[in-house]
Amino acid sequence: MPSLPQAETIMPNRPQNRLQQLHDAGQSIWLDYIDRTMLQNGELERRIREDALTGMTSNPTIFEKALAEGSAYDEQLASLAAEGNGDVAAMFEAIETDDVRAACDIFRPVYAGTHGEDGYVSIEVSPQLAHDADGTVVEALRLWHIVDRPNVMVKVPGTAAGAVAIRRLIAAGVNVNVTLLFSLDAYARVIDAYQGGLGDRLAAGAPIAAVASVASFFVSRVDSEIDKQLDALGGAAAHLKGRAAIANAKIAYALFRQRFAGPAWNGLARQGGRVQRPLWASTSTKNPRYRDVMYVEELIGPDTVNTLPPATLEAFRDHGVATRTVDSGTDAARHSIEELAAAGIVLSRVTDGLLTDGIASFQKSFDTLLAGLARKTQAVAIR
């Protein structure tokens, strides 16, 4: 891994907006949202041009919201219904892959201009496959070929089965966005899977320079859960509220720096291997008493990505401070986790529960999405 510059604050009198300053600090800004309207009315191109936006993520919850609002999808729904396609899952896949393909095309100049470092759009395998490695590989390959763009990333959950699938997909040359990472153990397993997949690909005589991956480490949900437990404990533990999520992420970044260095990694890097960048997900602030951009400001630094929902992106544009912070206070972060353990809160139990809840939440959104799509298709057909 190349050496990184010393910590610095981006000067506030620079002409760029704060999102450009964040990009200048070494962090890629991806939008945690997609809908057809922004793909068609020039809004996404404007954000790329003015806000240094370099990527986009999607998931069932995001598509559920996009499909529920407005009429942007009505024409395609009517056409699919007229073709006699009554399978709502197949209809959703047609809509989803069309949107992701269009977004990939809009981000293609970013992908080319950064030589494949950025410009990616993510599409997610079904949450039903979270514990099915074979099924995940089959669906991921199918989505990869349907979208048929070099800058698509297939999202795979960071479960034990997911790690098995990730290694196989990387070896097959598929870009992977590993999602729903909460724990350091799961993250370490994913790093092993990524590096192992690159090694497998090299051993098969295939190039690795065009293969990319990010590891989506979820942030604010950790505080949401731990703060509830701290409230129940009360007393002296109250000062730990709002500290666990950022501490956990800072330790994850330290692990990233450690594992993407040294002889083993350098051998892959010499063959063109790219680092698997940490992507900070769930960075909107859930607790209104906390600063609304705290999960952005406290995790800024080189070789990272932050996927921002629209409200958080706008908040950072308005008042965010772009200072390198991700690798400062790592010892204090470890101490915070030790204090939590001393108070009776074991982080691994919390993160295991959050993974289970995250999979269940995405499955619920997927089921709700399909039910809503069926209703909307009927309404469109009646008109």
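The values are calculated or read from the model by the stated rules, or taken from the named source; none is laboratory data. Keep in mind it's a predicted model, so treat the numbers as computed, not measured. Please note: Cβ atoms are built from the backbone with ideal geometry, for glycine as well, and neighbour counts cover all protein chains shown.
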Out of curiosity, is SER282 within 21 Å of the chain's Cα centre (by Cα) and at positive phi? yes
Does ALA249 satisfy being touching a residue at least 40 places away in the same chain (Cβ under 8 Å), within 18 Å of HIS335 (Cα to Cα) and touching a Ser or Thr at 6+ places or on another chain (Cβ under 8 Å)? no
Inside region 109-130, the number of residues satisfying the requirement of being more than 14 Å from ALA212 (Cβ to Cβ) and under 19 Å from the mean Cα position of the chain (by Cα) is 8
Please state which of the following conditions ILE166 fails to meet, knowing it meets all the rest: (1) over 12 Å from ALA212 (Cα atoms); (2) outside any strand (DSSP E or B); (3) out of contact with any Ser or Thr (no Cβ under 6 Å at 6 or more places or on another chain). (1)
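Among the candidates THR377, THR356, single out the residue that is part of a helix (DSSP H, G or I), surrounded by fewer than 17 Cβ atoms within 10 Å (Cβ to Cβ) and β-branched (Val, Ile, Thr).
THR356
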When PRO302 is run through (1) surrounded by fewer than 21 Cβ atoms within 10 Å (Cβ to Cβ); (2) part of a loop (DSSP other than H, G, I, E, B); (3) out of contact with any Gly (no Cβ under 6 Å at 6 or more places or on another chain), the failure sits at (3)
All but one of (1) at pLDDT below 85; (2) over 23 Å from LEU308 (Cα atoms); (3) surrounded by 21 or more Cβ atoms within 10 Å (Cβ to Cβ) hold for LEU4, so report the exception by its number. (3)
Mind checking which pairs have a first residue in region 285-302 that is within 22 Å of TYR253 (Cβ to Cβ) and a second that is of a type in the set (Val, Ile, Thr) and assigned to a helix (DSSP H, G or I), Cβ under 6 Å, 6 or more apart or different chains? GLU298/ILE246
Given the criterion touching a Lys or Arg at 6+ places or on another chain (Cβ under 7 Å) and either part of a helix (DSSP H, G or I) or among the aromatic types (Phe, Trp, Tyr) (or both), identify the matching residue among SER361, SER365, SER336. SER336
Residue tally, condition assigned to a helix (DSSP H, G or I) and out of contact with any Ser or Thr (no Cβ under 7 Å at 6 or more places or on another chain), over region 169-184: 3
Could you say whether any residue in region 50-64 is under 14 Å from LYS376 (Cβ atoms) and in a helix (DSSP H, G or I)? yes
If you check TRP265 against the conditions, is it closer than 30 Å to ALA161 by Cβ, aromatic (Phe, Trp, Tyr), within 18 Å of the chain's Cα centre (by Cα) and modelled with pLDDT of 95 or more? no
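In region 328-353, how many residues are surrounded by fewer than 18 Cβ atoms within 10 Å (Cβ to Cβ) and polar (S, T, N, Q)?
Our first condition is that a residue be surrounded by fewer than 18 Cβ atoms within 10 Å (Cβ to Cβ); within region 328-353, this holds for 328-332, 334-335, 338-339, 341-344, 346, 348-349, 352-353.
If we keep only those that are polar (S, T, N, Q) too, we end up with 328, 330, 348.
So the count comes out to 3.
Search region 170-197 for residues being among the polar types (S, T, N, Q) and in contact with a helix residue (DSSP H, G or I) (Cβ under 9 Å, 6 or more places away or on another chain), and hand back the single one that is surrounded by the most Cβ atoms within 10 Å (Cβ to Cβ). So that I can check it myself, show each step before the final result.
From region 170-197, those among the polar types (S, T, N, Q) are 175, 177, 179, 183, 195; that's our starting set.
When the remaining residues are screened for being in contact with a helix residue (DSSP H, G or I) (Cβ under 9 Å, 6 or more places away or on another chain), the result is 175, 179, 183, 195.
Numbers: ASN175: 23, THR179: 28, SER183: 21, GLN195: 21.
The residue in question is THR179.
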